[in-house]
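Worksheet: one structure, shown below.
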Amino acid sequence: MSTISHSDMSLLQAMADNELPADQSAALRARFGTEPMLADAFSELAMMRELLHDMPAARPARSLRLDAQTMQQARGWRWWLISPPGGQFLPALGVAACLCVALLFGRGYDQVSAPDQLHLKGSVAAPMLADAPAEAAPADAAAPDTARVADASVPLVAQQPEPSMLPLLGVTAGLVGTVGSARWLMRLRKIQRKAV
Amino acid sequence: MTAPSEDQILVSAALAGDNDSFNQLVERYQNRAYGLCFRMLGDADAAADVAQDAFISAYRHLPSLRGEFRPWLMRIVANACRDVLRSNKRHPSVSLDTNPRDEDESPALQIADTTPNPEEHLMRAELHRTISVALLQIPLDQRTVVILSDIEGMSYDEIAVVTGANIGTVKSRLNRARARLREIFVAAELFPTVRRLIADEET
C-alpha cells in the first residue's frame with residue numbers, strides 16, 4: 001500500500017467513480033498487470049464504495065414530524081412578511097391610513113391659513129357681513145376691523161399663502177401604502193394558488 | 001417552464017400555511033436527515049434530537065428557501081451536526097468495544113436482513129459496525145462528504161450545495177476520506193472478511 005503514490009490513488013478513485021477519461025483509464029488498467037499493488041488497491045477501493053453504499057439505512061426511533069405549537073413558535077419574521085396577522089385587511093388599512101394622513105395634513109393647512117384668509121378676504125367679507133342678519137351683533141362689531149385691514153396698504157398678492165403640498169403628499173403616501181398592501185396580498189394569493 | 005416538483009408543491013403549500021404539507025416533507029426526508037446525523041455523530045439519541053432541531057430550523061427559514069429543498073435541508077442538517085460536534089466536543093459514542101448484539105437490537109439501524117445464515121448475519125453486523133466506527137475516525141469535512149456521496153448517493157453538485165464548497169474541494173475531500181478509510185479498513189483486516197462473505201455468497 002505504501003508504494004502507491006498520492007497521484008495514483010487519485011487516479012484510481014477517479015476510475016472507481018467512472019470520472020477518468022477512457023484513454024487514461026485504459027493506461028491505468030494496463031499497469032495493473034505489472035503493478036499488482038495497484039490492482040489490489042483498485043479492488044479494495046471498489047469494494048469499499050460498495051460496502052458504504054450497502055450500509056443499512058438508519059431510521060429514527062420516533063417520528064420527527066413537527067406539531068402545530070412547535071411550528072407556531074418557529075415562525076420568525078420572514079413568516080410574518082409572507083403572512084402577516086390580519087393580512088386580508090391590509091388594503092382597507094392602507095385606505096384608512098391614506099385618509100388619516102390626508103385629513104391630518106389637510107386640517108393643519110386650514111388652521112394655519114384661516115387667519116390669513118380672513119385678513120386677505122376682508123373686502124369680500126365685509127359685504128357678506130353686511131348681508132348678515134341684524135341680530136348678529138358681533139358680526140357688526142367685526143366689520144370695522146375687516147374694513148381697516150382691507151384698507152391697509154400691504155399689497156394683496158404678497159399676503160396670499162403659499163399653496164401647500166402637504167395634503168397632496170399625504171394622499172400620495174396613502175396611495176403608495178394601499179398599492180403596496182395590495183401587491184403584498186396578491187403575492188400571498190399567488191403562493192396560495194400555487195399550493196392548490 | 002418546467003413543472004414544479006412534488007417538493008416545490010409541498011413547500012408552497014407549507015408557506016401558504018398548510019402545516020401538514022411540511023410534515024409530509026419531514027416524513028419524506030427524516031430517514032436521510034437522521035441517517036446523516038447518525039453517521040456524523042455516532043449516537044442514535046443525539047442524532048434524533050439534532051435531526052428534529054434541523055427540521056424546526058428548516059421550517060423557520062422556509063420563506064428564504066431558493067432552489068431545491070433536499071440539498072437545502074441537508075445543508076441545514078450537516079451544519080446542525082457540525083455545530084453540535086464543535087460546541088460539545090462530542091466524542092463518538094459508538095466504539096469498537098460496543099457489543100455487536102446491542103447494535104443489532106438498536107432501533108437506529110434496522111437492517112433488512114435477507115441472509116438466513118446467523119453466522120453471516122453476525123459477520124455483516126460486525127462489518128457495518130466497524131465501518132460506522134471508521135467513519136467517525138476521519139475528519140469532519142471528509143466524513144460529511146463521504147457519507148453524502150457513498151452512503152446517501154448524492155452527486156458532486158448536490159454535495160457542493162450541501163457543504164458550501166466548490167466541486168474541486170468536494171472531490172479532494174472525497175479522495176482523502178476514501179484513502180483514510182481504506183487505511184483503516186486494511187488495518188482492521190476488513191477486506192479479507194468482505195472477500196470471505198462474497199465467496200460464501202457465490203457458493
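Bear in mind these aren't lab numbers, they're just calculated from the coordinates by the rules spelled out. Here the structure is a predicted model, which is why all the values come from computation and not from measurement. All Cβ positions, even for glycine, are placed from backbone atoms using ideal geometry, and neighbour counts span all protein chains on display.
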Item to check | Theoretical FRET efficiency, 1/(1+(r/R0)^6), r = Cβ-Cβ of A:ARG183 and B:ILE9, R0 25 Å, to 0.05 | outcome: 0.55
Checklist entry - For A:LEU28, what is the net charge nearby, where nearby means another residue's Cβ is under 11 Å from its Cβ and Lys, Arg count +1, Asp, Glu -1? => result -1
Next on the checklist: At a threshold of 8 angstrom on Cα-Cα distance, excluding pairs fewer than six apart, so keeping six or more, what relative contact order does segment B:1-93 reach in percent?
Outcome noted: 30 percent
Next on the checklist: If packing is taken as the average count of other Cβ atoms within 10 Å, what order do A:25-34, B:75-84 fall into, highest mean first?
Outcome noted: B:75-84, A:25-34
Checklist entry - How many partner chain Cβ atoms sit within 10 Å of a residue's Cβ in peptide B:54-64, on average, as a whole number? => result 5
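Please give the peptides B:123-133, A:177-187 ranked by average Cβ packing (other Cβ atoms within 10 Å per residue), highest first, as a rough proxy for protection.
B:123-133, A:177-187
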Item to check | Net charge of Cβ neighbours under 14 Å - reference B:HIS61; Lys, Arg +1; Asp, Glu -1 | outcome: +4
Next on the checklist: Please give me the summed charge of the neighbours of B:ASN23: other residues whose Cβ is under 10 Å from its Cβ, Lys and Arg +1, Asp and Glu -1.
Outcome noted: -2
Item to check | Per-residue average of Cβ from other chains inside 10 Å of B:16-22 | outcome: 5
Checklist outcome for this item: Under the 7 Å Cα-to-Cβ spin-label approximation, A:ARG78 and A:ALA57 lie apart by a distance in nanometres of 2.8 nm
